[in-house]
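The structure appears right after this line, and notes come after that.
Quick note: the coordinates plus some simple rules give every number you see, no bench work behind them. Just so it is clear, the structure is predicted and the values come from calculations on it, not from any experiment. In this analysis, Cβ positions are derived from the backbone assuming ideal geometry, glycine residues included, and neighbour counts consider all displayed protein chains.
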Amino acid sequence: MIALTPRPPYYAVIFTSLRTEGDNGYGNMADAMVSLAEEQPGYLGIESARDGLGITVSYWATLEDIKNWKANAQHQLAQKLGKEMWYTEFKTRICKVERDYSLNRD
């Protein structure tokens, strides 16, 4: 599903990853992190896809909101486990969305 974001400007956190073999609790933690993110101030939405390479983009109102999400204790645990067990490689990029446009045939 495509996230319903407000008019720009807002921010995007792009998390690109390659996973280790097996689930090892990853699926449950990923679901928990999405639920937790939805409760955070400034959260605007999320989009995610995985076919070997995983790309998750979360949208936030401000850079401060992103900083607070990164510092969340439960999220920090997930980050630690990701480094130890779930990812062979990852990269996080933070971008300011200055313009967007869309098509919706519905």
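Key figures for this structure:
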{"quantity": "Mean separation of Cα contacts under 8 Å, 6 or more apart, over the residue count of the chain: relative contact order %", "calculated": "46"}
{"quantity": "Given charges at beta-carbon only (K, R positive; D, E negative), |dipole| of segment 18-106 in Debye", "calculated": "340"}
{"quantity": "Relative contact order computed over segment 1-57 (Cα-Cα under 8 Å; 6+ residues apart), in percent", "calculated": "54"}
{"quantity": "Helical mean residue ellipticity (222 nm; -39500 (n - 2.57) per DSSP H run of 4+; nearest 500) of the chain", "calculated": "-8500 deg cm²/dmol"}
{"quantity": "Segment 51-90 and segment 2-42: distance between their alpha carbon centers, rounded to Å", "calculated": "7"}
{"quantity": "Cα radius of gyration and Dmax for segment 1-91 (Å)", "calculated": "13.1, 39"}
